[in-house]
1. Please compute the Kirkwood hydrodynamic radius over chain A, one decimal place, Å, based on all pairs of different Cα atoms.
2. Just need the relative contact order of chain B here, percent rounded to a whole number, with Cα pairs under 8 Å and 6+ apart.
3. What nm distances, shortest first, do you get from the label point of B:Ile54 to those in the other copies when the point sits 7 angstrom along Cα to Cβ?
4. Suppose every Lys and Arg Cβ carries +1 and every Asp and Glu Cβ carries -1, with no other charges. What dipole size does the protein assembly as shown come out with about its Cα centre, to the nearest 20 debye?
5. If you take every residue apart from A:Asp56 with its C-beta less than 15 Å away from the C-beta of A:Asp56, what net charge results, scoring Lys and Arg +1 and Asp and Glu -1?
6. For the residue pair A:Leu188 and A:Ala205, what label-to-label distance in nm results when each label sits 7 Å from Cα along the Cα-to-beta-carbon direction?
7. Could you pull the copy-to-copy label distances for A:Pro185, with points set 7 Å along Cα to Cβ, in nm to one decimal and sorted shortest first?
8. Whole number in Å², please: accessible area per residue of region A:126-197, 1.4 Å probe, ligands, DNA and RNA not counted.
2 protein chains.
Amino acid sequence: MLQQTPRSTPRVKSDRVEFSREAAFAILDEALICHVGFVGDGTPVVIPTIQWRIGDHLFFHGSHGSRMAQVMAAGQDICVTVTLIDGLVLARSAFHHSMNYRSVVLFGQARDVTDDAEKILAFDALMDKIAPGRRAHVRPPNEKERCATKLLALAIDEGAVKMRRGPPIDAADDLSWPVWAGVLPLALTPGKPIDDDLVLPGVIAGKPAEREP
Amino acid sequence: MLQQTPRSTPRVKSDRVEFSREAAFAILDEALICHVGFVGDGTPVVIPTIQWRIGDHLFFHGSHGSRMAQVMAAGQDICVTVTLIDGLVLARSAFHHSMNYRSVVLFGQARDVTDDAEKILAFDALMDKIAPGRRAHVRPPNEKERCATKLLALAIDEGAVKMRRGPPIDAADDLSWPVWAGVLPLALTPGKPIDDDLVLPGVIAGKPAEREP
């Protein structure tokens with residue numbers, strides 16, 4: 001279970017909240033990005049970035065010069081939030097319109113990953129997330145590239161999962177209102193791959209993970 | 001133009017940054033949710049919520065009892081970030097993999113909207129965003145429902161737009177690597193509407209915005 005603390009416990013709609021680690025993992029694995037919140041120069045800052053997971057650690061990266069990287073290095077508390085949009089909930093009353101979603105909110109201090117072996121594993125895991133199978137075919141990162149990338153890890157420990165699922169919940173009085181009601185599902189969906197102009201002849205077009213044998 | 005301040009100016013990849021108000025508006029209008037960052041009890045907190053726009057103000061709402069609403073009422077600085085994922089950028093080298101995205105980061109203090117006439121306009125705009133045309137057919141919010149909803153407005157003033165577009169940018173040395181490269185477009189896409197079990201006979205199935213005349 002995730003660690004339930006005052007800051008990780010939402011104060012409203014607690015029927016939508018759970019602390020299951022497995023539920024958090026599933027959301028983190030399905031989502032591409034997180035929004036990292038930190039305090040920089042006294043002001044809250046929220047930055048979107050790719051996130052991925054190995055075991056019970058969430059990873060994200062940035063440039064060494066970024067404000068986010070500088071704050072992380074100082075060992076400050078951060079909040080990392082990951083949200084999947086699942087659909088629009090269209091009720092009979094304007095008031096009961098809602099959104100189906102799954103979200104994870106995590107708190108903690110990020111660890112600066114500097115060990116090269118750990119970096120290799122982490123960047124491999126990132127490639128495996130964004131394009132499974134592709135890692136075998138691309139030019140692997142070299143040490144200079146790994147050094148140039150600031151890698152941060154956050155323990156998936158203190159936090160909460162919040163989600164809404166299912167149909168609209170209208171008041172009994174509104175059920176006779178003559179309007180369609182239901183859910184319009186939404187999902188982040190891949191389109192047709194767009195070839196780079198410089199793809200070599202003989203390389204299979206539009207195949208993100210493969211190349212000709 | 002958006003107000004460019006030290007906190008609204010990204011320190012890295014500044015070629016991806018612009019301060020156009022129109023670019024910000026377009027992203028806010030296309031995206032459904034924002035991630036609101038604030039400092040609560042000394043810790044950064046990032047909460048996802050639906051956002052919408054009227055003119056140069058961004059609106060979002062919550063419950064009166066939420067931590068977010070309490071912090072807003074105290075006139076603290078917040079950061080609101082909106083991100084659209086446009087695609088995976090698949091390069092020839094692992095290092096140059098990236099994501100195409102458009103994001104807006106805004107700073108300021110939210111205003112508690114309490115005037116009922118302004119609330120009516122704002123909730124109408126929200127309905128018009130999530131399901132254009134539907135507002136004419138649903139039961140409008142009553143005063144009690146408007147009172148129960150905490151409505152917040154943030155001036156779209158201080159902030160920045162950051163985006164990445166286009167193909168992968170590989171190093172010249174990697175262009176001969178025999179692997180497909182390009183962009184896998186991603187977009188939040190609606191699926192087939194799911195009827196609520198209680199939809200009345202005679203109401204057009206799967207029509208979020210319409211009903212039988």
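1. 19.9
2. Numbers: 385 pairs, mean separation 55.8, N = 213.
Here the relative contact order equals 26 percent.
3. Shortest to longest, the spacings are 5.0 nm.
4. Working: 48 positive and 54 negative charges, 9 e Å.
Dipole magnitude for the protein assembly as shown comes out near 40 debye.
5. Values: positive: A:Arg21, A:Arg53, A:Arg111; negative: A:Glu22, A:Asp29, A:Glu118, A:Asp157, A:Glu158.
Here the charged neighbours net out to -2.
6. 2.8
7. Distances to the matching label points in the other copies: 2.2 nm.
8. Details: 3370 Å² over 72 residues.
Per residue, region A:126-197 has 47 Å² of solvent-accessible surface.
The values are calculated or read from the model by the stated rules, or taken from the named source; none is laboratory data. Being a predicted model, the structure only gives us computed values, none of them experimental. No Cβ is skipped: glycine too gets one built from the backbone with ideal geometry, and neighbour counts run over all protein chains shown. What goes into the accessible areas is simple: the full protein's heavy atoms, side chains included, and nothing from ligands, DNA or RNA. Shrake-Rupley method; radii C 1.70, N 1.55, O 1.52, S 1.80 Å.
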